[in-house]
Each structure stands twice: as structure tokens, then as C-alpha cells.
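All remarks here apply to the structure that follows.
What follows is calculated from the coordinates using simple rules that are stated; it is not laboratory data. These numbers come from a predicted model, not from an experiment. Glycine also receives a Cβ, built like all others from the backbone with ideal geometry; neighbour counts cover every protein chain displayed.
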Amino acid sequence: MSPLVLIPLTAVYGALLVRLLIRIRDEKLGYGKEKTLCSLGFLALAACSALAGQRPLAFWQMLPALLCCLAGDVILALYNRSRRIPLFMAGLLSFLAGHFLFLWGLSRVRPMDWTTAAAALGGAVGVWALSRLPVLEMGRTLPWTMIYGAAVSALVGKAFRLMVSLGEPWCLWVLGGAALFWVSDLLILFLYFWPGRHPRIHAANLLTYYGGMALLALSLAF
């Protein structure tokens, strides 16, 4: 497959994301359909990137993580409408599984080392420190959010280590995707645990998350 097909496909993905951002202005209408389409979009990007690239095995290693993220997207869209805590926890666990599966896939390229563990520890401690802020109300979810922070920080640490050690073009795309993923998860803390959340936080969270997923998907083309 020609890599040129990724240009219109990325444009369609961007259009779906714009549609989602417009939809979230009125949460009462719900936006589960739009989130699902965006999630299917990054799956399509990943599949086409793998066909255009030279690393088809990497797609199958990434696919379980992508599917977990798709499930998390749908579940959290339902939570945003109903505000039922079990749905939030189910979405959190889906994304947590996705983070660990991304780590598993990258570890097939090069095993994890102390830098990944240090990044994970820093992420957990960082979430705990933020939970001390009076504006954030994490309550019983704090242990889970600390694990979540550790997982996404470990992903960034692992991607950085691959970039330094291998220096291949796909490593840069993975690092960019992981970094945007990290920013998205940081914004989630203020989206779900800050009573005075601003609508722009939601938009920024979606932009960084779906942008990060696009970079991770497109990395398969290199």
C-alpha cells in the first residue's frame, strides 16, 4: 500500500475529531457515537500504516492496546452521560490495560530497564502530590489513579529510552504519541476530580489524547 493513502485518511480522522469537539459543547446530547468513530479512526490509521510500512508484526503487538483504548473511550463516554462510578472504574481499567499492553509491545523490541521503573515511580508520586491540592477530590480512586499515573509515565520513559538507544524514525513518533498521551491523562485529573472544571479542559484532553493515538498509529508506517 502506498504511504500516500495515509494523507486523506489522516484528514478524515481530523474531521471526525473536529466533529467530536463540536459535539461536546452540549454534553446532554451525548457523544458516544463520535468518540467511537474517532477510536475506529485510529484503528484504521494503525492498520493502513502497517500495510504501508515494513513492520507488520508491530501492528499485532499494538492491536490489543488499541482495542482496550477503544473500549475505554466508549465506556467513559457512557460515564460522562450517567456519572455512574462503576462505569468510570471500568473505563479506567480499560485504559490501564491499554497502557500496560503498549508497554508490553514496546518491551518486545527492547526489554524494560531502570529508566522505565524510575518514570513509573515518578508518575505515581506526581499523582499523589497533585492529590494533596485542595482543588482535587480523588477520594477512594487515589490508589487507582496513582497506578494509572505510573503506567502512562512508564510508557513515556520506555518510549524515550527507545528513542535514545535506537534512534529510528518510528521511535520519535512513538515518543510524541506517548507524550501527548501523558498530557491527556494529566488533564483527566482536572477533568474528573476538579469540581470547577472548565469546558476547555475537556477539549484539550480530547485533542491531546486522539493526537497521541494518531502518532502511535502512524509510527507503524516507519
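Odds and ends about this structure:
- Filter pass, Phe88 being buried (at least 22 other Cβ atoms within 10 Å of the Cβ), within 24 Å of Thr141 (Cβ to Cβ) and in contact (Cβ under 8 Å) with a residue 24 or more places away in the chain: no
- Residue within region 203-219 that is within 21 Å of Leu21 (Cβ to Cβ), hydroxyl-bearing (Ser, Thr, Tyr), crowded, with 18+ Cβ neighbours inside 10 Å and in contact (Cβ under 8 Å) with a residue 60 or more places away in the chain present: yes
- Sole residue being touching a Pro at 6+ places or on another chain (Cβ under 6 Å), more than 20 Å from Leu96 (Cα to Cα), in a helix (DSSP H, G or I) and of a type in the set (A, V, I, L, M, F, W, C), chosen from Ala44, Ala50: Ala50
- Per-region count, region 47-74, residues surrounded by fewer than 23 Cβ atoms within 10 Å (Cβ to Cβ) and over 14 Å from the mean Cα position of the chain (by Cα): 14
- Selection count where residues are crowded, with 16+ Cβ neighbours inside 10 Å, among the aromatic types (Phe, Trp, Tyr) and within 22 Å of Ser165 (Cα to Cα), scope region 101-150: 1
- The set of residues from region 142-179 being of a type in the set (Val, Ile, Thr) and under 19 Å from the mean Cα position of the chain (by Cα) comprises Thr145, Ile147, Val152, Val156, Val174.
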